[in-house]
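For reference, the structure discussed in these notes is given below.
The values are calculated or read from the model by the stated rules, or taken from the named source; none is laboratory data. Since the structure is predicted, the reported quantities are computational estimates derived from the model, not experimental observations. Counting neighbours? That spans all protein chains shown, and the Cβs are built from the backbone with ideal geometry, glycine included. These accessible areas exclude ligands, DNA and RNA; they are computed on the full protein's heavy atoms, side chains included. Shrake-Rupley method; radii C 1.70, N 1.55, O 1.52, S 1.80 Å.
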Amino acid sequence: MQESRDRYGGQTSRDARRGDFVVLVSDRPERAERLARGIALVLPCRVIEPGVALPAGPPAAFLVDLAADLTKARAGGQEGAAWIAAITAAIRASGLPCLYLSQGNAAQDGAAIRLLGAPTVIDPRQPAGIVPTLLRLIGQGSRRNRNLGAGTPQARVERATDLVVGLFEAAARDRPPSPAETEEGTQIVLDTVSEVGIRAWLDLVWRHDLQVYQHSLSVAGFAAAFATELGFSRSDRRRLAKAALLHDVGKALIPRAILDKAGPLTPEETRVMRTHAVLGADLLAKESAFEPDILAVVRSHHERLDGSGYPDGLKGDEIGDLVRLVAICDVHSALTERRVYRPALSAREALTIMDAQAGQLDPDLLRVYRPIVARAGSAAPPD
């Protein structure tokens with residue numbers, strides 16, 4: 001453990017470059033597994049069990065969930081005292097964000113706060129707040145020297161990101177997303193895209209390296225711009241943006257190894273990936289607040305006019321207008337996002353590919369959408 005602390009020495013001050021993973025320190029194997037799965041929807045998670053040293057490189061943040069009484073451990077009253085002493089010292093010295101799951105005992109929690117360097121404390125009985133809190137901690141560090149008002153476009157995008165993380169976290173636990181939080185996120189998209197335009201919206205969204213959530217926010221932004229281009233009423237704009245925001249929520253139930261795979265998917269992996277549409281629609285159906293046309297978008301956004309899509313092989317008039325609109329936004333977003341297996345395509349390249357899919361995507365709607373492609377450019381920031 002001393003070796004790990006030495007590797008942190010001199011490079012993990014509060015202004016040091018952070019890694020792209022979260023370290024979960026836990027002596028509760030079953031809960032650690034559940035927590036790690038939720039965190040992995042956002043960033044890779046490395047679980048550190050008793051006796052295991054911290055990784056050599058600094059993480060983005062620490063999450064500490066220890067059942068051991070740290071006061072007694074430091075006094076040598078428990079097995080593993082040396083490990084706990086080394087772990088807590090390394091975390092405190094790193095100066096990196098640390099989220100501590102409260103034990104509900106004032107003495108234990110007080111000891112942890114001191115030993116870990118005054119970490120942020122959260123009640124483990126509120127699991128939906130853990131990942132958003134981690135995101136805020138990580139974001140606060142990167143924004144330390146910026147003065148962001150609550151009403152700025154960047155602050156609003158950060159709030160929208162938190163909300164989408166919460167929606168996906170709920171889905172990962174087989175719970176439908178919160179209707180209230182969905183409405184709040186939808187309003188942020190509509191207001192911000194209207195204020196700053198689609199290009200600036202995408203620039204702000206892509207400052208957060210959270211690909212699944214970025215895609216949902218990007219598609220919702222394209223949908224908001226598309227609705228304006230089509231002259232939709234306020235209620236129709238809201239309906240389209242909400243459907244776009246939720247369209248991929250079923251991916252929360254797809255194994256991360258498949259979502260993040262760098263190479264082509266195997267036939268079996270492709271079959272599993274394609275289940276996200278039905279999984280998402282079935283999940284939303286548990287909450288009566290989500291309208292049938294929203295469920296239709298979540299289930300059918302991969303359907304194509306020529307019948308080549310999934311999950312139901314719908315054709316032509318079997319595919320509703322809202323689904324057709326979101327399908328175009330979804331394809332555009334996917335093409336212009338940087339993925340682990342390819343760079344982002346330019347606006348011209350994306351438009352060429354989309355025009356070639358006019359037999360699958362609605363050609364009349366594509367013509368209306370062309371100016372949005374030109375205004376948006378490439379959604380992904382440069383490397």
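Mind listing whichever residues of the range 136-154 are over 20 Å from ILE122 (Cα atoms), at pLDDT below 85 and open to solvent by less than 40 Å² (accessible area, probe 1.4 Å)? First the steps, then the outcome.
The initial filter retains those residues of the range 136-154 that are over 20 Å from ILE122 (Cα atoms), namely 142-154.
Now drop any that are not at pLDDT below 85, which leaves 142-152, 154.
Within the range 136-154, GLY149, GLN154 meet the criteria.
Could you identify the single residue in ARG37, ARG46 that is touching a helix residue (DSSP H, G or I) at 6+ places or on another chain (Cβ under 9 Å), surrounded by fewer than 20 Cβ atoms within 10 Å (Cβ to Cβ) and modelled with pLDDT of 90 or more? Break it down stepwise before answering.
Values: ARG37 fails: modelled with pLDDT of 90 or more.
Step by step, each of ARG37, ARG46 is checked, and only ARG46 is touching a helix residue (DSSP H, G or I) at 6+ places or on another chain (Cβ under 9 Å), surrounded by fewer than 20 Cβ atoms within 10 Å (Cβ to Cβ) and modelled with pLDDT of 90 or more.
Could you list, in sequence order, the residues of the range 331-374 that are part of a helix (DSSP H, G or I), within 21 Å of PRO264 (Cβ to Cβ) and either among the aliphatic types (A, V, I, L, M) or under 26 Å from the mean Cα position of the chain (by Cα) (or both)?
VAL331, SER333, ALA334, LEU335, THR336, ALA350, ILE353, ALA356
Tell me yes or no: at least one residue of the range 237-251 is hydrophobic (A, V, I, L, M, F, W, C), closer than 23 Å to ALA281 by Cα and open to solvent by 10 Å² or more (accessible area, probe 1.4 Å).
Filtering the range 237-251 for residues hydrophobic (A, V, I, L, M, F, W, C) gives 240-241, 243-246, 249.
Applying the additional criterion that residues be closer than 23 Å to ALA281 by Cα yields 240-241, 243-246, 249.
Keeping just the survivors that are open to solvent by 10 Å² or more (accessible area, probe 1.4 Å) gives none.
For the range 237-251, residues hydrophobic (A, V, I, L, M, F, W, C), closer than 23 Å to ALA281 by Cα and open to solvent by 10 Å² or more (accessible area, probe 1.4 Å): absent.
Testing VAL131 on (1) at pLDDT 80 or above; (2) surrounded by fewer than 22 Cβ atoms within 10 Å (Cβ to Cβ); (3) closer than 19 Å to ALA32 by Cα, one condition comes back false. Which one is that?
Only one criterion in (1) at pLDDT 80 or above; (2) surrounded by fewer than 22 Cβ atoms within 10 Å (Cβ to Cβ); (3) closer than 19 Å to ALA32 by Cα is unmet by VAL131, namely (2).
If we scan the range 289-308, do we find a residue that is within 20 Å of PRO179 (Cβ to Cβ) and in contact (Cβ under 8 Å) with a residue 60 or more places away in the chain?
Checking the range 289-308: at least one residue is within 20 Å of PRO179 (Cβ to Cβ) and in contact (Cβ under 8 Å) with a residue 60 or more places away in the chain.
Could you tell me which residue of the range 337-351 is modelled with the lowest pLDDT, considering only residues that are within 20 Å of VAL368 (Cβ to Cβ) and open to solvent by less than 30 Å² (accessible area, probe 1.4 Å)?
ALA347
Condition check ((1) within 27 Å of LEU365 (Cβ to Cβ); (2) open to solvent by less than 60 Å² (accessible area, probe 1.4 Å); (3) among the aromatic types (Phe, Trp, Tyr)) across all residues:
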{"residue": "LEU259", "(1), (2), (3)": "no, yes, no"}
{"residue": "PRO264", "(1), (2), (3)": "no, no, no"}
{"residue": "VAL272", "(1), (2), (3)": "no, yes, no"}
{"residue": "ALA277", "(1), (2), (3)": "yes, yes, no"}
{"residue": "SER288", "(1), (2), (3)": "no, no, no"}
{"residue": "ASP293", "(1), (2), (3)": "yes, yes, no"}
{"residue": "GLY313", "(1), (2), (3)": "yes, yes, no"}
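Considering only residues that are out of contact with any Phe, Trp or Tyr (no Cβ under 9 Å at 6 or more places or on another chain) and closer than 15 Å to SER26 by Cα, look in the range 62-78 and name the one that is modelled with the highest pLDDT. So that I can check it myself, show each step before the final result.
Start the filter on the range 62-78 by keeping residues that are out of contact with any Phe, Trp or Tyr (no Cβ under 9 Å at 6 or more places or on another chain), which leaves 67-72, 74-78.
Among the residues that remain, those that are also closer than 15 Å to SER26 by Cα are: 67-70.
Working: ALA67: 85, ALA68: 81, ASP69: 72, LEU70: 71.
That would be ALA67.
Anything in the range 52-66 that is within 19 Å of THR120 (Cβ to Cβ) and open to solvent by 10 Å² or more (accessible area, probe 1.4 Å)? List them, or say none. Please lay out each step first, then the result.
Applying the first criterion (within 19 Å of THR120 (Cβ to Cβ)) to the range 52-66 yields 54, 58-66.
Hit for the range 52-66 is PRO58, nothing else.
Can you report the number of residues in the range 315-336 which are surrounded by fewer than 21 Cβ atoms within 10 Å (Cβ to Cβ) and either modelled with pLDDT under 95 or over 16 Å from HIS247 (Cβ atoms) (or both)?
5
At pLDDT below 90 and open to solvent by less than 10 Å² (accessible area, probe 1.4 Å), is that true of VAL205? Quick ask: steps written out before the conclusion?
Details: at pLDDT below 90: yes; open to solvent by less than 10 Å² (accessible area, probe 1.4 Å): yes.
Considered against the rule, which asks whether it is at pLDDT below 90 and open to solvent by less than 10 Å² (accessible area, probe 1.4 Å), VAL205 comes out as yes.
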